[in-house]
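Asks: Before anything else, here's the structure in question.
The values are calculated or read from the model by the stated rules, or taken from the named source; none is laboratory data. This one's a predicted model, so the numbers in the text were calculated from it and none came from an experiment. Cβ placement follows ideal geometry from the backbone for every residue including glycine, while neighbour counts extend to all protein chains displayed. To get the accessible areas, we keep the full protein, side chains included, count just its heavy atoms, and leave off ligands, DNA and RNA. Shrake-Rupley method; radii C 1.70, N 1.55, O 1.52, S 1.80 Å.
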Amino acid sequence: MTMDSIRGLTKTSTADDVLACIDLTGRRAVVTGAASGIGVETARSLARAGAEVTIAVRNTARGREVAADVEATTGHAVHVAELHLDDLASVHAFVGAWSGPLHVLVNNAGIMDTPLAYTAAGWESQLATNHLGHFALATGLHDALVAAGTARVVSVASSGHASSPFHFEDPFFLRRDYTPNLGYGQSKTANVLFAVEAQRRWGGEGITTNALMPGGIWTGLQKHWDPEVLADLKRTAGDVVKTTEQGASTSVLLATAPELEGYGGRYFEDNREARVVEEIYDVVYGVLPHALDPEAAARLWDVSTALVDAELVRLGLGPTTA
């Protein structure tokens, strides 16, 4: 397989284009953060193709509005469930309420470039939300993924991973200086490393796990950016920018494409596998070696497991990770 060999799909392809010839009837999917942005279009396209979709969101009122809109445009019912990724009690409750197989998990939710903040567990908020919450969710749903026979786990990462490798010595910025882009970059590197190690651990169980860069899409994710900087970027970004329907396409590709069955632990962009580079090119393209490092991936899994299990014990919920 080459980077450009998947059905001729390109950077301008939409999620519906990806699913044009795919029937997902009988398959169940969870999309986190699907109350806005590309998560909405990811859920919409999966539902339109016949999947039973659950959107896992912080704001259930907004989630119900999105579900009603998706149902109206697809003719398929969409379930809404509350999920706060920065609170493992919420993640634990979501996992406990799930029954039966799960064919697709799209770890789409995220926050970006936020001021320094800590969760009740003492975790820096971007790492907590973008990585550790999703790690707890995926490992908690491991048995449901196995029960599906063949399943996909998709992690929405970013070219922002280039800003920082994972800092094992001080992941929560307790001793080093914090800047929002370093916190975001570390969390996005963690998303890719999760895909690498999950594929190694779970690939033999029929689970395919990959990460992706959706592209440059203007959504609420940029709400912490300086308004003048954001306005200037919107004027000058040119053809790097995608619609939300285009931005959702690579998520949907990784979640469904038969061509990618068992082809995991990779990083994709524009519906193709990204090149490994030493520096991001053309603003958003390429994946740096530190995000695909198998040793770092294995170490991060162990660190994440220990952190999640300790927090579940602190909450009186007990370790449940796979």
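Asks: Limited to the range 271-322, what total is found for residues that are outside any strand (DSSP E or B), closer than 30 Å to THR14 by Cβ and in contact with a strand residue (DSSP E or B) (Cβ under 8 Å, 6 or more places away or on another chain)?
Replies: 9
Asks: Looking only at the range 145-157, how many residues end up being among the aliphatic types (A, V, I, L, M), open to solvent by less than 10 Å² (accessible area, probe 1.4 Å) and either at positive phi or outside any helix (DSSP H, G or I) (or both)?
Replies: Result for the range 145-157: 4.
Asks: Within the range 39-54, is there a residue that is open to solvent by 30 Å² or more (accessible area, probe 1.4 Å) and out of contact with any Ser or Thr (no Cβ under 8 Å at 6 or more places or on another chain)?
Replies: yes
Asks: While we're looking at this one, here's another question. With respect to THR14, is the statement that it is of a type in the set (Val, Ile, Thr), closer than 15 Å to ALA257 by Cα and surrounded by fewer than 21 Cβ atoms within 10 Å (Cβ to Cβ) true?
Replies: Yes; evaluated as a whole, the condition is true for this residue.
Asks: Of the conditions (1) part of a helix (DSSP H, G or I); (2) open to solvent by less than 20 Å² (accessible area, probe 1.4 Å); (3) more than 27 Å from VAL241 (Cβ to Cβ), GLY160 clears all except one; give me its number.
Replies: Status for GLY160: all satisfied but (3).
Asks: Further, regarding this structure: For LEU193, indicate whether it is of a type in the set (A, V, I, L, M), open to solvent by less than 20 Å² (accessible area, probe 1.4 Å) and either assigned to a strand (DSSP E or B) or within 17 Å of ALA296 (Cβ to Cβ) (or both).
Replies: Criteria met by LEU193.
Asks: Could you say whether any residue in the range 225-238 is part of a loop (DSSP other than H, G, I, E, B), open to solvent by less than 60 Å² (accessible area, probe 1.4 Å), of a type outside the set (S, T, N, Q) and modelled with pLDDT of 95 or more?
Replies: The answer is no, given that none of the residues of the range 225-238 is part of a loop (DSSP other than H, G, I, E, B), open to solvent by less than 60 Å² (accessible area, probe 1.4 Å), of a type outside the set (S, T, N, Q) and modelled with pLDDT of 95 or more.
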